[in-house]
Amino acid sequence: MLDYIGLAFTPLNILFALGGVAAGTIIGSIPGLTATMAVAVLVPITFSMDPASALILLGAIYTGAIYGGAYAAILLNTPGTPSAIATTFDGYPMAKRGDGDLAVSIACLSSLIGGLVGASALLFLAPPLARAALAFGPVEYFWLAIFGLTLISALSTGNVIKGLIGASFGLLLATIGISETSAEVRFTFGSNTLLGGIEIVSALIGLYCVPVLMDLVATSDRHLDKPEEARGFRLPEAFAAVMRNKVNVVRSSVIGTLVGALPGAGGSISGLVAYSEARRSGGGEEKYGEGNPGGIVATESANNATVGGGFIPTLVLGIPGTPPDAVILGALLVQGVRTGPTLFADGSNIVYTFVFGLFLATLLMLPVGLLIGRFAYGAIVQAPKMALVPVVAFMTVIGTFAIRNSMSDVGIMVVLGLIGWLAQRRGFDVSPIVLGLILGSIAEKGFVQGWTIGDAMGNVWGQFFGRPLAQVVIVLSVLSATYPAFPWARRQLRLRREAGPTATPPPIAGEPSSSRARAFDAVALAVFAAVGVVIVMQSGTLNAEAAVFPRTVAWTMLALIALASVRLFLLKRAAEPGSARGLVRVAVVPVAMLGAVALIPTLGFVTGGVALALVLMAAAFHPGEGGGRITASVIGVVTVVFLVTLAFRRLLNVPLPSGMIF
Amino acid sequence: MFRHTLAAIALGIAALPAAAQDFPTESVNYIIPFGPGGESDITARFQQPHFQELFDEDLVITYKPGGGGAVGWSQLNSLSADGSTIMGINLPHIIVKPKQGNVGFQTEDIVPVHMFHYTPDAIVVRADSEFETIDDLIAAAKENPRQVIFSGSGKGTANHLAQVRFDEMAEIDTTYVAFDGTGSSTTANLGGQVSAQWGYTTVGATQGDEVRLLAVAMEERHPLFPDVPTFAELGYDLVSGAYRGIAVPQDMPEEMRHAVADAIQQINDQDAFRQKMEENGFALLDVAYGEDMDAFMAEQAEVALEAARSGDVIE
């Protein structure tokens, strides 16, 4: 086996691994450019290479892209890839308080460890793990999705009911479009725009990034706190933080590997599950969700472990573990390499060369990732707002377009961003909505398939609750859903023991909310209720298979809304209205972006992009904040728009509309 | 009947002497209306190097996924018809989908110019399955109605319609569980979540000794599986699968449609291409634009729509 190290580590392959990691990291850091796309773009280039080098290059790009997703998550609160969703939970708060550089270094170290664990599992445990993963049936995937949803109870500590309403909304969003498994057109209201459903990455960009942009233009406050002096990589601090999370990093890497080996799950879920487990078991100096490095450690080690883990079913079973694996599998077939059961059995050298190449790429990620991370951090911290806002907005537009080469997706992205911003102001976090959206299709498929099988066997109950593996996931879900209440329960017990039976329950703290806040909350609930009613009514026209999931979710949502209304009208509690500063500027962001969506097909991407950028520069311009740099900013922003468009057209082959002008 | 001879194509070319020069004259954008990594993508990737070699122009593969292909197909006719853009199409998708609701296109809107291969339907069982032959499976299904459970890719798809048709032919009642692709349907079969799989010959090519094909829905046996009978040999008139081809925007002139069909046929005529396709479990098809295509589409539509109706996929 060691002979293959020599085969893998040729100078040419090392060069490929280095270039692949660097390219992947850059691509992954741009919201919208996912690992899948990074790999797909490079496939034709690999045709002229020998298979082992081709695989090493593709694996390196994949590894880099998954890590690169952390930058935007930490620095812009926008997961660059779905795998990095949970990185935002603690990464962005860290960046906000000026520790963005530290967060990026922690992400790099954690990704390195996770990547090594995943690759080791691929090397030593691939065939048995692949067999074990097959035990996961539709019902287990259903419960795994439910397990992911239980994270909501932890994420929305302020108001669990609102979190659950948001999650239901996300689950319903996931059902829009043509259903793959029931062959029904659902909730498109006759519009071709919604035919393809809501693409997850573009929804992530809209829900996370657009609200950040809207808040950015509102005030002249800095985006992130800027350190007084250059501090280098802060590697010792990052290393110490990872060491404090020893158990966490190992557990998360193992979770990432195992979830990666499940062909129906993938990186986004592994990161969420690892985060949820870290949060449940973690004490730590800071609270999770408020900038605890443990959150970054968990997510980033898990998602990079998923790279190696995902290759397990890909290479052993010939069934892709994650979407990028599907592309790599296709590239292998073109190369004439047949994956599947015989590949490992033959001890085929290409597998081992590839696995060692993956180790190499993971190790190279440390220097490459730290350097690029340093640059990304510097660029975002240094950039004046009037340059940062238009560039990021333009990147979200072009990145969203590139996912499915679709302008409709860009429109959906902006509208979701607006919804996300409004919902946040009413105390509905976007994260539960996103969780619902991501897990919705997995939950629905698992549910309908499990139901069909159970129904045919005459034992639906046994199918859902009787299988041992399902029971394990159910128990984990119950634990995960209820643990936020544990400290409270313990406190109650202790109070009762100490004070005896005479203790009176503590009065409910706080004053009732203002009537204005309550009116706003009532409107928000009414809107969600309207959505629920529409779904229930529309479900009546669908076949039973297509209707059961959305109808159940919609009724649940209506029940939750009823509960929330009781809380609102009896307890008079509501989310206080957010700051009303700069609302006109705030409104410019979605309006300008929607305007760009409308104009780009006729004007062309460069012209439309420049127009968008200039409008947003004006919106983000606050007198006093670097006023002397206006000309430089305009030139810089226009250059970036031009170069990025060129790179997307020429290097990534994205068919951007060029319209009448450019 | 749709198996086609080269002579017919040669005749077609002879009738249109200028056609060969019309396409390709520039780099061609080949849109796959699915995500990367699927069978449409893989076969396009197989074509890509031959296209470049034969015509000295680039074939650029891009993706427009969404709605199981509907997003791409609904936009096909708004694309440039000057020979710079072609799009992958799949049967029975483009026949069944428009009947399921408003999916933004009608079957008649699509101009297919060449169907170059198909993945034949096949019944796939695990190597350790109790079903050694198709008769074992039929006997089990007769004994326990609905309890023989198949995994398959999607509803209203080639796999599903094959299940519906075979149930009728063999007078059995089985259960079909739709998965979101061949990969997850294979996983379910390998993991023993279902009794068998309505899959494709390609599943047999990937899984090797882990699985056994009980029968393939082809006119003749697949060269990769000389021991697996066709359904026809066993007395069931079932030739079906997912058929893939190339369509062009409606506004493309007749001569150029022929030229595109001719280019695709030239790739199909490459021995290296045929060999690579067959090694991976695909079955080649040479149905080019013209009367053959019209007859082929009409026959496919008739069969698919009838099966879709009895499978309650459409009204």
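Only the coordinates and a few stated rules stand behind these numbers; no lab work does. Note that the coordinates shown come from a computational prediction; the quantities given were computed from them, not determined experimentally. Cβ atoms come from the backbone with ideal geometry, glycine included; neighbour counts cover every protein chain shown.
Lys and Arg at +1, Asp and Glu at -1: add these up for the other residues within a Cβ distance under 15 Å of A:Leu614 and post the number.
Combined, the nearby Lys, Arg, Asp and Glu give +2.
In whole angstrom, how far apart do the alpha carbon centroids of segment B:203-280 and segment A:238-316 sit?
43
State whether segment B:201-267 is rounded, prolate or oblate according to the following rule on the C-alpha gyration tensor (a ≥ b ≥ c being the square roots of its eigenvalues): a/c under 1.5 gives rounded; otherwise a/b larger than b/c gives prolate, and the remaining case gives oblate.
Here segment B:201-267 falls in the prolate category.
Quick check on chain A: helices-only [θ] at 222 nm, where DSSP H runs of length 4 and up contribute -39,500 (n - 2.57) each and the sum goes over total residues. Nearest 500, please.
Theoretical 222 nm ellipticity from helices: -24500 deg cm²/dmol.
Just to check I understand the Karplus step: with θ = phi - 60° and J = 6.51 cos²θ - 1.76 cosθ + 1.60, what whole-Hz values come out for segment A:604-614, glycine and proline as x?
Result, rounded to whole Hz: x, 5, 5, 4, x, x, 5, 4, 4, 4, 5.
In nm, give the distance between the simple-model label positions of A:Val527 and A:Lys572, each being 7 Å from the Cα along the Cα-to-Cβ direction.
Spacing of the two 7 Å Cα→Cβ label points: 2.6 nm.
Quick check on segment A:511-652: take the gyration tensor over C-alpha atoms, sort the square-rooted eigenvalues as a ≥ b ≥ c, and tell me if it's rounded (a/c under 1.5), prolate or oblate.
oblate
Is the shape of segment B:87-157 best called rounded, prolate or oblate, per the rule: a/c under 1.5 gives rounded, else a/b larger than b/c gives prolate, else oblate, with a ≥ b ≥ c the square roots of the Cα gyration tensor eigenvalues?
In terms of gyration-tensor shape, prolate.
If R₀ is 35 angstrom, what is the calculated FRET efficiency for the pair A:Asp455 and B:Gln106, using the beta carbon separation as r and rounding to 0.05?
Plugging the Cβ-Cβ distance into 1/(1 + (r/R0)^6) gives 0.50.
Using alpha-carbon positions, what is the distance between the centroids of segment A:11-89 and segment A:402-426, in Å?
Their Cα centres are 25 Å away from one another.
With a 10 Å cut-off between alpha carbons and a GNM built on chain B, which of B:Val216, B:Val113, B:Val103 moves the most?
Answer for the Gaussian network model of chain B: B:Val103.
Tell me the relative contact order for chain B as a rounded percent, counting alpha carbon contacts under 8 Å between residues six or more apart.
Relative contact order here is 27 percent.
Suppose each label sits 7 Å from its Cα in the direction of the beta carbon; what would the A:Val415-B:Glu53 distance come out to in nanometres?
Using points 7 Å along Cα→Cβ, the separation is 4.8 nm.
Give or take rounding to whole Å, what are the principal axis extents of the alpha carbon atoms in the protein assembly as shown, in descending order?
That works out to 88, 69, 61 Å along the principal axes.
Using alpha carbon centroids, what distance separates segment A:168-206 and segment B:38-55, in Å?
One Cα centre to the other: 31 Å.
Taking amide H positions as placed 1.01 Å from N in the peptide plane, with prolines and chain starts having none, which residues 5 or more places from A:Gly318, or on another chain, fall under 5 Å of its amide H?
Amide H to amide H, under 5 Å and 5 or more residues apart or across chains, A:Gly318 pairs with A:Gly340.
Using the Karplus equation 6.51 cos²θ - 1.76 cosθ + 1.60 (θ = phi - 60°), what ³J(HN,Hα) coupling, rounded to whole Hz, does each residue of segment B:153-158 give in order, writing x for Gly and Pro?
The phi angles translate into 8, x, 10, x, 9, 4 Hz.
Under unit Cβ charges (Lys, Arg +1; Asp, Glu -1), what dipole magnitude, rounded to 20 debye, does chain A have relative to its Cα centre?
It works out to roughly 1320 debye.
Mind listing the long-range amide H neighbours of A:Thr78? Cut-off is under 5 Å, sequence gap 5 or more, other chains count too, H placed in the peptide plane at 1.01 Å from N.
Those qualifying (amide H under 5 Å, at least 5 residues apart or on another chain) are A:Ala73.
Amide H of B:Asn29 versus every other amide H placed in the peptide plane: which residues, excluding those fewer than 5 positions away on the same chain, fall under 5 Å?
Here the answer is B:Val60, B:Thr85, B:Ile86, since their amide H atoms fall under 5 Å of that of B:Asn29.
Please state the relative contact order of chain A as a whole percent: Cα pairs under 8 Å, 6+ residues apart?
It rounds to 23 percent for chain A.
State the antiparallel share, in %, of DSSP beta bridges confined to the protein assembly as shown, rounding to the nearest 5.
Antiparallel bridges make up about 60 percent of those DSSP assigns within the protein assembly as shown.
Based on the Cβ-Cβ distance from A:Arg649 to B:Asp227, what FRET efficiency comes out when R0 is 41 Å, to the nearest 0.05?
Once the sixth-power term is evaluated, E becomes 0.20.
With a Förster radius of 30 Å, plug the Cβ-Cβ distance of A:Leu363 and B:Gln266 into 1/(1 + (r/R0)^6) and report the FRET value to the nearest 0.05.
The pair A:Leu363/B:Gln266 has a calculated efficiency of 0.05.
For A:Arg131 and A:Leu479 in the same chain, what is the full-extension length gain: residue separation times 0.36 nm, less their Cα-Cα distance, in nm?
The A:Arg131-A:Leu479 span can extend by a further 122.5 nm.
For B:Glu130, put the label point 7 Å out on the Cα→Cβ axis and report which residues of segment A:432-463 keep their amide N under 18 Å from it.
Residues passing the 18 Å test: A:454, A:456-459.
If I model a spin label as a point 7 Å beyond the Cα along the Cα-Cβ vector, how far apart are those points for B:Leu284 and A:Leu123 in nm?
4.3
Show me, for segment A:444-455, the HN-Hα J-couplings you get by feeding each phi into the Karplus relation (A = 6.51, B = -1.76, C = 1.60, θ = phi - 60°), rounded to Hz, glycine and proline as x.
5, 4, x, 5, 5, 5, x, 5, 4, 5, x, 5
Determine the alpha carbon to alpha carbon distance for each of A:Lys445/B:Lys142; A:Lys162/B:Lys155; A:Lys445/B:Lys276; A:Lys162/A:Lys445 and list only those over 32 Å.
Over 32 Å Cα-Cα: A:Lys162/B:Lys155; A:Lys445/B:Lys276.
Below 13 angstrom from the Cβ of B:Gly199, what's the summed charge of the other residues (Lys, Arg +1; Asp, Glu -1)?
After counting each charged neighbour, the total is -1.
For A:Lys226, go through the aspartates and glutamates and keep the ones whose alpha-carbon is under 20 Å away, minus same-chain ones fewer than eight residues off.
A:Asp90, A:Asp99, A:Asp101, A:Asp215, A:Glu237, A:Glu290, A:Glu625
Over segment A:585-650, what is the relative contact order in whole percent, taking alpha-carbon pairs under 8 Å and six or more residues apart?
The normalised contact order for segment A:585-650 reaches 36 percent.
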